[in-house]
Amino acid sequence: MIIKKFVPCIYLYNGHAVKNLTDKSVVETDPLRMVHLYNENNADELIVFDMSEDDAEHDAALEMIKEICAMAEIDVIGAGNIKRMEDVKKLLYAGCKRAILDYEMAGNIAATEEISLKFGRDKLLASYNDPAVITENKELLEKYISGLVLMNPHQIRETQEIIGLPFYVQINNIALNKLMEIFAYDNVCGVTGNAINDNYKEILALKTLCKENGIQVETFEAAFKWEDFKKNSDGHVPVIVQDYRTREVLQMAYMNEESYDQTIRTGKMTYFSRSRQELWVKGETSGHYQYVKSLTADCDMDTILAKVSQVGAACHTGARSCFFNEITKKDYQEAENPLQVFQEVYDVIKDRKIHPREGSYTNYLFDKGIDKILKKLGEEATEIVIAAKNPGAGEVKYEISDFLYHMMVLMAEKDISWEEITTELANR
């Protein structure tokens with residue numbers, strides 16, 4: 001059974017979110033604010049349509065899409081202004097999980113096979129208005145495209161009868177109870193458009209309604225009920241909270257049954273405040289939400305480990321983590337976390353760029369500019385090749401270290417973070 005998704009969209013024009021593809025009335029001057037609201041209200045994915053009209057606008061739109069992808073807690077799908085493979089690459093490199101080929105454009109149909117072979121079938125969707133396009137290109141779509149986006153909601157039945165691929169339906173106006181009828185079609189995997197944009201606050205309630213009607217939607221399902229846990233003397237269970245990316249321990253808090261159930265239902269960490277004797281949605285006042293990635297109970301079922309995506313600081317003091325008051329420490333060599341080492345070196349390089357030091361080799365590279373940085377990077381890459389032809393690994397490790405340092409200088413020059421690199425690698 002296909003999981004049904006609620007997918008808002010942003011129609012991006014001149015840096016603003018506008019009404020739709022044909023109406024450029026501004027509905028939000030800051031599209032990132034919309035991303036925050038969609039994160040907060042349990043949207044499943046987000047489609048961003050680039051409606052730019054020239055190259056300068058297109059470049060600015062890609063920068064905005066990059067910011068949207070960085071902020072979104074949900075997968076972002078890029079659409080609009082795709083005319084060749086390079087345009088798909090730019091969207092994927094900006095952080096989009098998938099791209100939509102407009103099948104109203106013959107060039108996109110012709111380029112489908114090439115783009116799919118380059119990036120993978122799972123990275124591509126195809127949008128269309130007329131199901132006749134699907135009939136004419138059925139074999140191509142089934143081989144090289146993972147799903148469809150129907151832009152005409154009056155052609156759902158026809159699409160269902162023509163092809164077996166899952167498809168989203170763009171709908172601008174609909175009574176919310178009619179969504180149940182649309183989701184009843186086997187191959188409809190999601191609804192997008194202003195029908196979702198205008199009702200984003202109702203997504204959680206709509207998901208509950210779907211579940212009550214036997215429609216499978218994207219929600220957390222708990223493997224354990226509250227009665228399965230061993231509680232402390234107050235009837236609570238302590239929760240250790242950890243950043244899912246860095247594994248940094250962020251805080252410790254407590255749950256009661258109501259906060260546990262609400263966390264599962266909403267996907268946002270919710271605790272019981274013992275001092276205020278009330279539920280506490282983390283981030284509700286500060287905006288520093290914790291979005292659930294996983295919840296795991298320990299062997300005794302008396303403690304929960306929550307891995308979360310932390311927005312901003314976890315601690316009320318403004319510190320990233322609540323654990324910063326060192327009590328005592330023995331002199332020891334900490335096990336090196338490779339990403340932490342990379343980040344620390346990168347931070348030093350970035351600091352040199354902002355606060356130059358006389359005699360610094362890093363500042364010498366920045367002063368000489370991009371051509372010098374690239375020349376050194378190329379030289380170090382060649383040194384790795386030469387070293388690898390010799391017996392033993394010592395020289396290779398030395399040369400790789402040199403290469404990585406110069407690569408990080410390039411990253412700093414181009415303002416690329418390690419998080420962007422690791423995210424891109426993880427996506428592959």
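The values are calculated or read from the model by the stated rules, or taken from the named source; none is laboratory data. Please read all numbers here as calculations on a predicted model, not as lab measurements. For neighbour counting, all protein chains shown are included, and Cβ atoms are generated from backbone atoms with ideal geometry for every residue, glycine included. Only protein heavy atoms, including side chains, enter the accessible area calculation; ligands, DNA and RNA are left aside. Shrake-Rupley method; radii C 1.70, N 1.55, O 1.52, S 1.80 Å.
Numbers at a glance
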quantity: Environment charge at residue 185 (Cβ cut-off 14 Å; Lys +1, Arg +1, Asp -1, Glu -1); calculated: 0
quantity: Span from the region 129-161 Cα centroid across to the region 278-339 one, whole angstrom; calculated: 46 Å
quantity: Cβ-defined net charge surrounding residue 297, 12 Å radius [Lys, Arg +1; Asp, Glu -1]; calculated: -2
quantity: Residue 234 versus residue 401: modelled label distance in nm, points set 7 Å from Cα along the beta carbon direction; calculated: 4.9 nm
quantity: Residue 220 - accessible surface, heavy atoms, 1.4 Å probe, Å² rounded to 10; calculated: 90 Å²
quantity: Stretch gain in nm, segment residue 302-residue 265, where the contour uses 0.36 nm per residue and the Cα spacing is subtracted; calculated: 11.2 nm
quantity: 11 Å beta-carbon shell around residue 309, net charge (K/R +1, D/E -1); calculated: +2
quantity: 347, 331, 243, 367, reordered so the largest accessible area comes first (probe 1.4 Å); calculated: 331, 367, 347, 243
quantity: Fraction of antiparallel bridges per DSSP, the chain only, in percent to nearest 5; calculated: 40 percent
quantity: Residue-level accessible surface for residue 157, protein heavy atoms, 1.4 Å, Å²; calculated: 140 Å²
quantity: Cross-link table 5/201; 66/97; 307/329; 4/207; 201/268, entries beyond 18 Å C-alpha to C-alpha; calculated: 307/329
quantity: Computed accessible area, residue 270, all protein chains, 1.4 angstrom probe, square angstrom; calculated: 0 Å²
quantity: In order through region 310-322: 3J(HN,Hα) via Karplus (6.51 cos²θ - 1.76 cosθ + 1.60), integer Hz, x for Gly, Pro; calculated: 8, 8, x, 8, 7, 8, 5, 7, x, 6, 4, 10, 6
quantity: DSSP H segments from the chain that extend 15 Å or more along their own axis, Cα-based, with Kyte-Doolittle mean of 1.0 or above; calculated: none
quantity: Separation in nanometres of the label points that stand 7 Å from Cα toward Cβ, at residue 247 and residue 339; calculated: 1.0 nm
quantity: Amide H within-cut-off set for residue 101, under 5 Å, with H built and near neighbours excluded; calculated: 125, 126, 127
